[in-house]
Each structure stands twice: as structure tokens, then as C-alpha cells.
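Here, each number is a calculation from the coordinates, and none is a lab measurement. Everything numeric here is computed off the predicted structure, so don't read it as measured data. We place every Cβ from the backbone using ideal geometry, glycine too, and count neighbours over all the protein chains shown.
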Ligand SMILES: Cc1cc2nc3c(=O)[nH]c(=O)nc-3n(C[C@H](O)[C@H](O)[C@H](O)COP(=O)(O)O)c2cc1C
């Protein structure tokens with residue numbers, strides 16, 4: 001007998017997308033990218049949560065008592081509930097910043113199997129592969145599905161507190177679309 005998945009009846013399973021912003025800079029550009037993703041998700045009617053690590057600081061991971069911190073527990077629960085996570089980070093020393101790395105250390109296994117998209121703000125064009133370290137770690141540690149479309153933006157793409165680059169805006173829309181497509185397919189296949 002043919003198996004009927006819920007999606008066949010409803011057409012579209014609802015998704016929860018978590019956007020994490022990891023810069024602590026008051027005028028962060030990666031936060032503008034995170035916000036652009038959130039706005040795009042809202043425009044197309046998808047549920048999105050934003051967790052800004054500048055507003056909800058986490059303790060440094062000690063592998064022990066830090067896991068009991070209320071913001072750590074809140075973030076862990078949001079990652080667990082999410083169908084996909086969009087991580088916006090500054091490039092620091094050819095990697096995501098320590099805040100993003102620390103957040104991943106603190107939330108660990110909550111990332112298991114998640115679809116993950118990566119957005120980076122950088123000082124120059126030369127560090128465009130800087131997302132690969134965190135991508136590899138998430139793939140190998142937690143079998144995350146990394147969306148093969150990164151956003152990488154430098155200072156010229158911003159004017160004050162707004163994104164001012166049509167090409168980067170298009171990439172935001174593509175990242176959101178691809179993330180949703182992959183997350184939807186995975187959700188359907190396990191429904
Ligand atoms: C400690 C530190 C390290 C940085 N390392 C790099 C780097 O390796 N490559 C790069 O292109 N930019 C680097 N930058 C520049 C930042 O990526 C750039 O300022 C970016 O806008 C920061 O993101 P934010 O605006 O979201 O905080 C570094 C900046 C700082 C403060």
C-alpha cells in the first residue's frame with residue numbers, strides 16, 4: 001500500500017528557522033545579515049527566531065557548570081526545536097569568532113542533523129573560506145547538513161546600519177530559499 005505522508009495532504013510542513021547572530025560589536029555587519037535573513041523569512045511567511053549573542057551573553061564553555069546557564073539552556077532548546085539554523089558571524093582570524101565557537105561548544109549535540117547556513121562579515125575578500133572550519137566541525141561532529149551557499153560580505157556592502165548591496169541581498173534570498181528547500185525535504189522524508 002502506498003504510504004501517505006502528512007505533506008501530501010497539507011502540501012507544506014511548517015518549519016522553524018533559528019537565526020543566530022554572534023558578533024558583540026555594537027555596529028556589527030554580520031548582525032545586519034542576520035536581520036536581512038529574518039526579514040526575508042518573515043516576508044515569505046516562515047517562522048523565524050533570532051538569538052543575538054550580544055543581547056544574551058553566554059558564559060565561556062567549561063564543559064561543566066556553564067551548561068546550567070539560563071541563556072545556554074534557552075539557546076539549546078531553540079536549536080533543538082529548529083529545523084534549520086542560520087549562523088551569522090564576523091570573520092576573526094580566518095574563522096568564525098570565538099563567541100560563535102563558544103556557543104557551539106555549549107550547545108553541542110542540540111545541533112545533531114540540523115541544516116545549517118553560514119553568513120560571514122569580513123574585513124577583506126581574502127578570508128572567504130573562513131566558514132569551512134566551523135562547517136567541517138558541524139558536519140563531522142554533529143552530522144549537520146551544511147547549505148552549500150555561503151554569504152560573505154565586506155564593508156563596501158553596507159551603508160551605516162543597512163545592507164546596501166543588491167548582490168548580497170540576492171544571496172540572502174538564495175540562502176534562505178535553499179535552506180528552506182533542504183529543511184523541507186528532510187522534514188518530509190522523516191514525517
Ligand atoms: C580580532 C579580529 C580579527 C579579524 N580577523 C579577520 C580575518 O581574519 N579576515 C578578515 O577578512 N577580517 C578580519 N577581521 C575584520 C572583521 O571580520 C570585520 O570587521 C567584520 O565586519 C566583523 O564583523 P561584525 O561587523 O559583524 O562584527 C577581524 C577583526 C577583528 C576585530
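Details
- The residues of segment 139-179 that are buried (at least 20 other Cβ atoms within 10 Å of the Cβ) and either in contact with a helix residue (DSSP H, G or I) (Cβ under 8 Å, 6 or more places away or on another chain) or under 19 Å from residue 127 (Cβ atoms) (or both), listed by number, are 144, 147, 151, 152, 153, 157, 168, 171, 172, 175, 176.
- Residue 47 in contact with a helix residue (DSSP H, G or I) (Cβ under 6 Å, 6 or more places away or on another chain) and more than 16 Å from the ligand (Cβ to nearest atom): no
- Annotation note: of 87, 41, the sole residue that is more than 16 Å from the ligand (Cβ to nearest atom), in contact (Cβ under 8 Å) with a residue 60 or more places away in the chain and under 30 Å from residue 158 (Cα atoms) is 41.
- Flag if residue 186 is surrounded by 14 or more Cβ atoms within 10 Å (Cβ to Cβ) and more than 28 Å from residue 25 (Cα to Cα): yes
- Filter result for residue 133 (in a loop (DSSP other than H, G, I, E, B) and loosely packed, with under 14 Cβ neighbours inside 10 Å): no
- Any hit, segment 98-107, residues being within 30 Å of residue 64 (Cβ to Cβ), in contact with a strand residue (DSSP E or B) (Cβ under 7 Å, 6 or more places away or on another chain) and surrounded by fewer than 20 Cβ atoms within 10 Å (Cβ to Cβ): no
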